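Novice: Structure in structure tokens, see below.
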Amino acid sequence: MRPFDTLIELSENDLDDKRKELAALEEALAEAQARRVAIDEELAREQQLVAQDSDMGFAYGAFANHLIQRREQADAALAAASEAVEAAREVVREAFAELRRYEIAHEARLEQERKKQAAKDQMELDEIAGNLLRRQDDRL
């Protein structure tokens, strides 16, 4: 029984570590999404400023090109973060499945031991009952 307890504990620790890694990756994904949204908002603000003041239009082209590059970089970072999160989720699913296999095997082993002990106890009770019957028969 003890090896299963150790194996389950190690598996739980491994699962916890993988969940922490997943949480960190999900946080990085949220940050990448926020950066992407911020770029879109910045573009909208600049477009609004250019629409209000036509004198700023001469610098808008260079700004827009720079912003397009930043947006492409943000999209690439977002895609990479999304892939990393999905891969980490799969690792967590596998670690959880492994832990459940160990727990199920441990429960089956415990149930087997309980049944074995119950059968042993029943045999002892049957022997006691048989002895009592023999004593009663001897008295009669």
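Yes or no, residue by residue, for (1) surrounded by 12 or more Cβ atoms within 10 Å (Cβ to Cβ); (2) modelled with pLDDT of 95 or more; (3) more than 26 Å from the chain's Cα centre (by Cα); (4) not charged (D, E, K, R):
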{"residue": "Ala51", "(1), (2), (3), (4)": "no, no, yes, yes"}
{"residue": "Asp55", "(1), (2), (3), (4)": "no, no, yes, no"}
{"residue": "Tyr60", "(1), (2), (3), (4)": "yes, no, yes, yes"}
{"residue": "Phe63", "(1), (2), (3), (4)": "yes, no, yes, yes"}
{"residue": "His66", "(1), (2), (3), (4)": "no, no, yes, yes"}
{"residue": "Val85", "(1), (2), (3), (4)": "yes, yes, no, yes"}
{"residue": "Glu90", "(1), (2), (3), (4)": "no, yes, no, no"}
{"residue": "Ala97", "(1), (2), (3), (4)": "no, yes, no, yes"}
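Novice: Moving on. In the stretch 108-123, which residues are in contact with a helix residue (DSSP H, G or I) (Cβ under 9 Å, 6 or more places away or on another chain) and basic (Lys, Arg)?
Specialist: First, pick out the residues of the stretch 108-123 that are in contact with a helix residue (DSSP H, G or I) (Cβ under 9 Å, 6 or more places away or on another chain): 109-110.
The answer is Arg109, and nothing else.
The values are calculated or read from the model by the stated rules, or taken from the named source; none is laboratory data. Being a predicted model, the structure only gives us computed values, none of them experimental. Heads up, the Cβs are rebuilt from the backbone with ideal geometry, glycines too, and the neighbour counts pull from every protein chain shown.
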